[in-house]
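The values are calculated or read from the model by the stated rules, or taken from the named source; none is laboratory data. Keep in mind the model is a prediction, meaning the values are calculated, not measured. In this analysis, Cβ positions are derived from the backbone assuming ideal geometry, glycine residues included, and neighbour counts consider all displayed protein chains.
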Amino acid sequence: MNLFRAPAARAAKTLDRSLFAKTLNAAAASVKENKLLSKYRKELEKTNEVLFMERFNPVLPDPDPSLASQGKKCIVLAPQIKSTYQLHEEIPSGFNTVGHVAHLNIRDQYLPYKNIIAQVLLDKNPHIKTVINKIDNVGSENEFRTFAYEVLGGPDDMNVEVSEAGCVFKFDYSKVYWNSKLDTEHKRIAGLFKPGEVVADVMAGIGPFAVPAGKKGVFVWANDKNPESYRYLEEAIRRNKVSEFVKPFNYDAHDFIRTSADLVLEASKRGDCAVIKPPRQSRNSTAPPPEPVRVPVPPTISHFVMNLPASAIEFTHNYRGLYHGNEGLFEPHTETKLPMVHVHCFSVKADDETPLMDICERIRKEIGVLLRPGDPENQGEVLIYDVRDVAPAKRMFCASFRLPREVAFAERA
């Protein structure tokens, strides 16, 4: 029987068009990419799952008005096709990959399907050997941003190898913090450094900022309080051959900020330098071998990097008095400017200036100077860069500002 046949109206004396209208409930397959419509329709026709009627095209605009307005389509299915389960409106698709480990953060409504999700990832991604699911928030168990996890598929092997910015890092992912989604931010910040400058990486982790910067001839004093991060940082420095430029430290961040300026100044006064060996000459060369190039450590720090978004702002009060008694190292006595501070932080997700004002106020509470959003090269202004989404109502930002004179030259506590 034709599903679309109108009800019988044999006794009608006048044309009533409403008698020829009929509403049917039918299942449909929503297709997110129109280029796949033909492929999916052919597959469904092979199994008789498409609603096939004369003079009826089963490809229709999506019943969701918002999707239909974007030109999205659906394929109407045969009456016998029904969904056994209620469909989720939003299907999870993203995950973090660290070496051979796929790191998921599965929401509660999808937890019943966690094992099948893991198996599909293993089947479809040959480079993935282990699938884990985070079972607490990063940093909720300890101060080193590690997390508890469960293995959903593959062996419990967290010893990974990662390549980023031409550098190789090997580490135990369960003992240190690493986020592959921050590679763009790592490159952005490292791109601000100039060869021969000194950078103080206050919460360096295993060196995603420090090691690539060392590759380009930037001096980096790299610090992390986590003993495991410090150990893997040392290994990364050796493996990537940047020991002439990158020095590892295992201090508390509060202490490191207070002492870093003095450490760099002392190194400069000692005449510390990086020795760059010239490339080997060919065996047939008759020219005298070139002398090694010596790059001296400058007396001042050009940049501070603080990549601990959950609490980095709370460490900025330690900059008070950083260069007290050494005013002569900077403008107007020399051409050297005070350091730039790049502090990562979280704030609310909003389309207005709410997160900017929030960040400025939090910095003011720590350093005692109110900065306003703008160009960090202008006195009293801070660049607040939007890094990435981290949760439905939370974003990660990076606030970059030049250390104010009244902070840098204040009396030390």
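Structure above, values below:
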quantity: Contacts under 8 angstrom Cβ, first residue in segment 42-71 being assigned by TED's automatic domain parsing to the domain that holds ASN25, partner of a type in the set (D, E, K, R) and in a helix (DSSP H, G or I), 6 or more apart; calculated: VAL50/ARG41; PHE52/GLU45; PRO58/ARG41; VAL59/ARG41
quantity: Considering residues of segment 93-113 that are under 29 Å from PHE169 (Cα atoms) and more than 16 Å from the chain's Cα centre (by Cα) only, the residue surrounded by the fewest Cβ atoms within 10 Å (Cβ to Cβ); calculated: SER93
quantity: Extreme residue, nearest to VAL162 (Cα to Cα), among residues of segment 94-129 that are aliphatic (A, V, I, L, M) and part of a loop (DSSP other than H, G, I, E, B); calculated: ILE128
quantity: Set CYS360, CYS345: member being of a type outside the set (Ser, Thr, Tyr) and in contact with a Phe, Trp or Tyr (Cβ under 7 Å, 6 or more places away or on another chain); calculated: CYS345
quantity: Extreme residue, surrounded by the fewest Cβ atoms within 10 Å (Cβ to Cβ), among residues of segment 362-378 that are in contact (Cβ under 8 Å) with a residue 24 or more places away in the chain and either farther than 17 Å from HIS344 by Cα or among the small types (Gly, Ala, Ser) (or both); calculated: GLU377
quantity: Candidates GLU89, GLU54, filtered to the one that is of a type in the set (Asp, Glu), closer than 29 Å to GLN109 by Cβ and modelled with pLDDT under 85; calculated: GLU89
quantity: Condition met for ILE313 (within 30 Å of VAL176 (Cα to Cα), touching a strand residue (DSSP E or B) at 6+ places or on another chain (Cβ under 7 Å) and in a loop (DSSP other than H, G, I, E, B)); calculated: no
quantity: Test: residue in segment 261-269 that is closer than 21 Å to ALA312 by Cβ and either surrounded by 24 or more Cβ atoms within 10 Å (Cβ to Cβ) or charged (D, E, K, R) (or both); calculated: yes
quantity: Residue check for GLY325: in the same structural domain as ASN223 (by TED's automatic domain parsing), farther than 23 Å from ARG364 by Cβ and of a type outside the set (A, V, I, L, M, F, W, C); calculated: yes
quantity: Single unsatisfied condition, VAL151 versus (1) touching a residue at least 60 places away in the same chain (Cβ under 8 Å); (2) not in a loop (DSSP other than H, G, I, E, B); calculated: (1)
quantity: Top-ranked residue of segment 120-140 - restricted to ones that are surrounded by 14 or more Cβ atoms within 10 Å (Cβ to Cβ) and not aliphatic (A, V, I, L, M), ranked as modelled with the lowest pLDDT; calculated: GLY139
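A quick yes/no check of all residues on (1) in the same structural domain as TYR230 (by TED's automatic domain parsing); (2) over 24 Å from TYR110 (Cβ atoms); (3) in contact with a Gly (Cβ under 9 Å, 6 or more places away or on another chain):
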{"residue": "HIS127", "(1), (2), (3)": "no, no, yes"}
{"residue": "ILE135", "(1), (2), (3)": "no, no, no"}
{"residue": "THR146", "(1), (2), (3)": "no, no, yes"}
{"residue": "GLY153", "(1), (2), (3)": "no, no, no"}
{"residue": "VAL162", "(1), (2), (3)": "no, yes, yes"}
{"residue": "ASP183", "(1), (2), (3)": "yes, yes, no"}
{"residue": "ILE189", "(1), (2), (3)": "yes, yes, no"}
